[in-house]
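To start, the structure itself, in structure tokens.
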Amino acid sequence: MKIVTKFGAPEMESTEALVFGLFENVKNVPPELESCNQSTGGIISHLLQNRDFRGKLNETMMIPTYQKISPKRIVLVGLGKFEDFSFDKIRQAYGTASRLIQTKQFTSFSLLLCKWKDVSVEDAARSIIEGAILSLYHFTMYKTVKKEENTKIKSFSLLVQDKAILTSVKASVKNAQTVSEAVCFTRDIVNMSGSDATPSYLANKAKELARKSDIKCTILSKPDLIKIGMGGVLGVARGSTEPPKFVVLEHKASKQTAETVVIIGKGLTFDSGGLCLKPGKGMDLMKGDMAGGAAIFGAFMAISNLKPAVNVVGLIPCVENMPNDKALKPGDIIKCLSGKTVEVINTDAEGRLILADALSYAKRYKPDAVVDIATLTGSCVVALGTFASGMFGNNSELKKRVKEAGENCYERVWELPLWDEYHELIKSHIADIKNIGGKYGGSITAACFLNKFVEAFPWVHLDIAGTFMVEKDTPYARIGATGVGVRLLIQLIQNWKTIPDVGKKSKKQGK
Ligand code: BES
Ligand code: MN
Ligand code: ZN
């Protein structure tokens with residue numbers, strides 16, 4: 001997508017449609033639209049005064065301009081009440097308007113940047129661009145007949161009326177475009193079928209990403225995994241003919257003394273449940289069980305352009321969970337990379353087994369922080385629904401930052417506890433630990449399991465089982481993968497600051 005940020009007068013902008021956001025119950029035409037209003041004989045003021053357009057969130061109205069001004073149409077979109085302002089509403093509204101334009105099969109359009117009271121124009125520009133790019137995304141890989149509407153828009157522009165802010169807005173647009181395109185990249189991989197997006201496919205994707213940038217990529221294949229003893233990854237991979245791949249991506253900051261953040265993503269390319277086979281209904285969604293890993297890919301795609309001032313290591317264990325005759329059996333004991341033994345009670349609780357190895361592997365980078373992201377448990381969806389990812393962690397400062405980053409980009413997280421009583425539930429009689437807890441609190445016992453493999457570094461675990469996809473179209477995510485995690489991780493990494501030493505060493509929450 002080509003995006004041009006330019007200085008100019010809206011009435012002179014030659015475009016199929018000029019988009020403008022308006023708050024609810026605004027009676028007077030904002031100064032940004034005044035010239036268009038006057039040249040069209042007061043059409044906008046008329047609409048507002050007659051309350052034909054009320055500005056309710058995501059309400060749209062397309063107004064033809066009959067060649068009175070250069071834009072062929074003006075698209076008004078409602079931002080909701082000014083008192084309820086949020087950047088996500090901007091994202092939603094401009095997303096809704098962009099999609100309306102997409103359905104009309106126009107080839108290009110312009111978005112008018114406004115100066116809203118007490119709102120940073122750079123942040124507004126960011127939300128507008130994110131809303132537009134993310135809403136226009138459509139997964140068409142497997143369609144033989146492409147819908148016209150989804151392929152037409154090749155470019156759009158953001159119109160700025162104040163020269164003084166042009167440079168800073170341009171920078172903000174560039175950043176937003178990089179991040180949003182990375183989200184789309186993640187969505188593509190998550191939406192692909194499990195038989196196409198295999199561990200080997202992901203490993204090749206990682207290599208391709210590295211080839212095009214100065215990201216370093218290392219792939220550990222089965223013999224390497226055997227050599228170092230990644231029993232969790234190898235155990236889960238046993239039931240499939242697809243060989244496992246452990247992907248390592250590295251970004252080195254220019255400063256020698258930079259800190260290191262390790263981000264880990266579950267790369268389960270298809271989760272059939274293994275011998276504890278899942279029911280058929282909904283099993284198709286398990287092609288998305290690598291959404292955490294795909295978020296790491298997306299984050300690195302953005303990182304390769306943004307070059308943050310912190311070292312970032314991405315670890316993605318890529319495995320398929322299948323039930324052949326070599327598969328893990330309930331009751332089997334495996335030895336993980338850390339040396340800990342695990343009694344596998346349920347082969348469908350496989351994510352934690354591969355993440356355990358990745359967490360142990362993270363230790364070699366002497367990380368200043370580790371964040372893992374995974375479609376880990378159905379019970380997280382039961383607990384939080386689909387509007388928040390579950391958050392767990394051992395360091396209050398890191399948790400606070402992740403929470404803030406989540407709120408900032410509207411990929412919200414909600415904390416759940418890791419109390420000792422929950423840890424009791426995963427004790428095993430014959431091994432060091434077992435891979436499932438009791439009937440209740442499944443997302444918590446899963447996180448407790450991961451906690452056992454966390455060395456003395458600040459750590460946060462994000463359970464995105466409820467947020468990695470949407471079941472119906474929303475203003476800026478169509479049905480399917482959302483690409484959750486990419487924006488949050490980038491937000492966290494771009495604003496990285498040293499975590500104070502206090503509490504850094506605590507292994508368990510509350511201890
Ligand atoms: N990948 C699933 C979790 C999941 C469920 C992700 C729904 C996205 C949507 C995970 O591997 C799994 O199967 N978890 C089990 C654990 C159980 C066997 C303890 C679950 O949550 O049911
Ligand atoms: Mn599973
Ligand atoms: Zn899974």
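The values are calculated or read from the model by the stated rules, or taken from the named source; none is laboratory data. If you're wondering where the values come from, they're calculated on a predicted model, not measured in any experiment. For neighbour counting, all protein chains shown are included, and Cβ atoms are generated from backbone atoms with ideal geometry for every residue, glycine included.
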Checklist entry - What is the one condition in (1) more than 18 Å from P367 (Cα to Cα); (2) out of contact with any Pro (no Cβ under 9 Å at 6 or more places or on another chain) that L277 does not satisfy? => result (2)
Checklist entry - Do we have G442 as modelled with pLDDT of 95 or more, within 16 Å of ligand 3 (Cβ to nearest atom), small (G, A, S) and out of contact with any strand residue (DSSP E or B) (no Cβ under 8 Å at 6 or more places or on another chain) here? => result yes
Checklist entry - Taking L136, is it over 18 Å from D88 (Cβ atoms) and surrounded by 17 or more Cβ atoms within 10 Å (Cβ to Cβ)? => result no
Checklist entry - Can you pull out the residues in the stretch 171-199 that are over 30 Å from K6 (Cβ atoms) and in contact (Cβ under 8 Å) with a residue 40 or more places away in the chain? => result I189, V190, N191, M192, S193, G194, S195, A197, T198, P199
Checklist outcome for this item: If we ask which residues in the stretch 210-227 are closer than 15 Å to A299 by Cβ, in contact with a helix residue (DSSP H, G or I) (Cβ under 6 Å, 6 or more places away or on another chain) and outside any strand (DSSP E or B), their number turns out to be 2
Next on the checklist: For the stretch 96-149, give me the residue count where each residue is of a type in the set (V, I, T), over 18 Å from A176 (Cα atoms) and part of a helix (DSSP H, G or I).
Outcome noted: 2
Checklist outcome for this item: For the stretch 270-287, the count of residues that are near ligand 3 (Cβ under 10 Å from one of its atoms) and under 25 Å from the mean Cα position of the chain (by Cα) equals 5
Checklist entry - Among the residues of the stretch 303-350 satisfying the criterion of being of a type in the set (A, V, I, L, M), touching an Asp or Glu at 6+ places or on another chain (Cβ under 8 Å) and closer than 30 Å to T260 by Cβ, which is farthest from ligand 3 (Cβ to nearest atom)? => result V310
Checklist outcome for this item: Taking the stretch 248-269 and the residues there that are farther than 20 Å from L220 by Cβ and in contact (Cβ under 8 Å) with a residue 24 or more places away in the chain, the one that is nearest to ligand 3 (Cβ to nearest atom) would be V261
Item to check | Positions within the stretch 73-114 being at positive phi and either aromatic (F, W, Y) or touching a Leu at 6+ places or on another chain (Cβ under 7 Å) (or both), in sequence order | outcome: G80
Checklist entry - What residue, of V233, V247, is over 30 Å from D501 (Cβ atoms), in contact with a strand residue (DSSP E or B) (Cβ under 6 Å, 6 or more places away or on another chain) and within 16 Å of ligand 2 (Cβ to nearest atom)? => result V233
Next on the checklist: Can you tell me which of (1) within 26 Å of F468 (Cα to Cα); (2) part of a helix (DSSP H, G or I); (3) not charged (D, E, K, R) is the one S195 doesn't meet?
Outcome noted: (2)
Checklist entry - Before we move on, is T167 hydroxyl-bearing (S, T, Y) and assigned to a helix (DSSP H, G or I)? => result yes
Item to check | Near pairs, Cβ below 8 angstrom, 6+ apart or cross-chain, from the stretch 14-29 (without any contact (Cβ under 8 Å) to a residue 12 or more places away in the chain) to any residue that is hydrophobic (A, V, I, L, M, F, W, C) and buried (at least 24 other Cβ atoms within 10 Å of the Cβ) | outcome: none
Checklist entry - Quick check: is even one residue across the stretch 432-440 part of a loop (DSSP other than H, G, I, E, B), of a type outside the set (A, V, I, L, M, F, W, C) and buried (at least 22 other Cβ atoms within 10 Å of the Cβ)? => result yes
Next on the checklist: Residues that are within 26 Å of E181 (Cα to Cα), touching a residue at least 60 places away in the same chain (Cβ under 8 Å) and of a type in the set (F, W, Y): does the stretch 298-305 have at least one?
Outcome noted: yes
Checklist entry - Of all residues in the stretch 150-164 being in a helix (DSSP H, G or I) and in contact (Cβ under 8 Å) with a residue 40 or more places away in the chain, which is farthest from the chain's Cα centre (by Cα)? => result K163
Checklist entry - Checking I444 against (1) assigned to a loop (DSSP other than H, G, I, E, B); (2) buried (at least 24 other Cβ atoms within 10 Å of the Cβ); (3) more than 16 Å from ligand 2 (Cβ to nearest atom), which test does it fail? => result (1)
Next on the checklist: Looking only at the stretch 228-251, how many residues end up being surrounded by fewer than 24 Cβ atoms within 10 Å (Cβ to Cβ), assigned to a strand (DSSP E or B) and charged (D, E, K, R)?
Outcome noted: 1
Checklist entry - Out of all the residues in the stretch 304-312, is one or more out of contact with any Pro (no Cβ under 8 Å at 6 or more places or on another chain) and within 16 Å of G232 (Cβ to Cβ)? => result no
Next on the checklist: If I373 meets every condition in (1) aliphatic (A, V, I, L, M); (2) within 18 Å of K452 (Cα to Cα); (3) surrounded by fewer than 17 Cβ atoms within 10 Å (Cβ to Cβ) apart from one, which number is that one?
Outcome noted: (3)
Checklist outcome for this item: Of those in the stretch 244-293 that are more than 16 Å from ligand 1 (Cβ to nearest atom) and hydroxyl-bearing (S, T, Y), the residue nearest to G485 (Cα to Cα) is T260
Checklist outcome for this item: Restricting attention to the stretch 1-20, the residues that are farther than 18 Å from Q38 by Cα and either under 30 Å from the mean Cα position of the chain (by Cα) or among the charged types (D, E, K, R) (or both) number exactly 7
Checklist outcome for this item: Going through the stretch 461-489 in order, the residues found to be surrounded by 24 or more Cβ atoms within 10 Å (Cβ to Cβ) and either over 16 Å from the mean Cα position of the chain (by Cα) or outside any loop (DSSP other than H, G, I, E, B) (or both) are H461, L462, D463, A481, V486, R487, L488, L489
Checklist entry - For K255, all conditions in the list (1) more than 16 Å from ligand 2 (Cβ to nearest atom); (2) of a type in the set (K, R); (3) in contact with a helix residue (DSSP H, G or I) (Cβ under 9 Å, 6 or more places away or on another chain) hold save one; what is the number of the exception? => result (3)
